[in-house]
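Taken together, the values in this text are just the output of simple stated rules run on the coordinates, not laboratory data. Keep in mind it's a predicted model, so treat the numbers as computed, not measured. All Cβ positions, even for glycine, are placed from backbone atoms using ideal geometry, and neighbour counts span all protein chains on display.
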Amino acid sequence: MDAALAVTGLSKRYGATDALRGIDLEVAPGELVGLLGPNGAGKSTLVKIACGLVRPTSGEARICGAPAGSPAARGALGYLAELFRFPGWASADEILALHQRLARSGGGAAERAELLELVGLGGEAARRVETMSKGMQQRLGIAQALVGRPALLLLDEPTSALDPTGRRTVRSLLEELRRRGQAVLLNTHLLSEVEHVCDRVAIIDRGALVAAGRPGDLSGISGVEIETASGIRRFPGATRDDVPELVARLVGEGERIYDVRVVRPTLEDAYLAAVAP
Ligand SMILES: Nc1ncnc2c1ncn2[C@@H]1O[C@H](COP(=O)(O)OP(=O)(O)OP(=O)(O)O)[C@@H](O)[C@H]1O
Ligand SMILES: [Mg+2]
């Protein structure tokens, strides 16, 4: 089975700027991959190339086996742009109906109602865009990307305007997509989001891939720190299960224990270590 997204040796140069310098990245069918990186790293450029909106300088992107930009590739993906704006006079239902026509989806009113429900906008079908908050518009944008049940969703910072409840809604939505076997490439600056929902994470910096793996694996080595009368003793690699033994040993050696801390490095630590300051 073809990868939902296969990017090989992808480079993009804008004038004197190397936005991408030879990126290799795969998203398997049904896989949820987080794409992280500082401002200007090249995340949106990669997604735009996958959509066929930007032509690569070299290398290629394939969607379910079809070259990016081809009708087959476009038909297999849903896209929410980083900066998008729907016409203010249109209702939520009209926006989705328009995108059903563009995506040639035969899902009709049932699909529109299901998508609005999925993004927490059930009951808002008749509401006009100009009366919606930014967060509601962003959720409508996600519903729009889901029209026609694409095999691959490209979401460029889909939760940047959402409050914590909205983010939770989107997180459950992403989990639902995984159950349905739809693949997602999620651009975001929210590390906690990636840590919670993504199967895999890729970190790019200045156009190059600097780290990739499962969030737990990237987070690095954990350990135990024990504060004793003679100072802090560190046990790299030790886990919570080792704590009773370690404490007993130190007490046996005559140490007095004041505090015990199980250290679990976060994805944030891994991210900060991977990207240049
Ligand atoms: N159309 C363009 N013309 C010229 N330079 C561009 C263009 N689009 C992007 N760039 C440059 O390419 C680089 C990568 O930009 P890109 O938007 O892909 O970054 P990003 O990782 O999405 O950043 P952010 O987190 O801020 O959204 C930046 O240096 C940007 O200025
Ligand atoms: Mg961007």
**Q.** On Cα atoms only, tilt of 92-102 relative to the major axis of the chain in degrees
**A.** 70
**Q.** Rounded to the nearest 20 debye, dipole of region 186-277 from Cβ charges on Lys, Arg, Asp, Glu
**A.** 120
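Sort 234-246, 136-148 for me by packing, meaning the mean count of neighbouring Cβ atoms within 10 Å per residue, highest on top.
Sorting 234-246, 136-148 by mean packing, highest first, produces 136-148, 234-246.
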**Q.** Cα gyration tensor of region 223-274 - equivalent ellipsoid semi-axes, whole Å, descending
**A.** 25, 11, 7
Q. Among 70-77, 57-64, what's the highest-first ranking by average C-beta atoms within 10 angstrom per residue?
A. 57-64, 70-77
Q) Using a basic spin-label model with each label point 7 Å from the Cα along Cα→Cβ, how many nm lie between residue 258 and residue 179? A) 5.0
Q) For the peptides 250-262, 197-209, what is the packing order when you average, over each peptide's residues, the other Cβ atoms within 10 Å and list the highest mean first? A) 197-209, 250-262
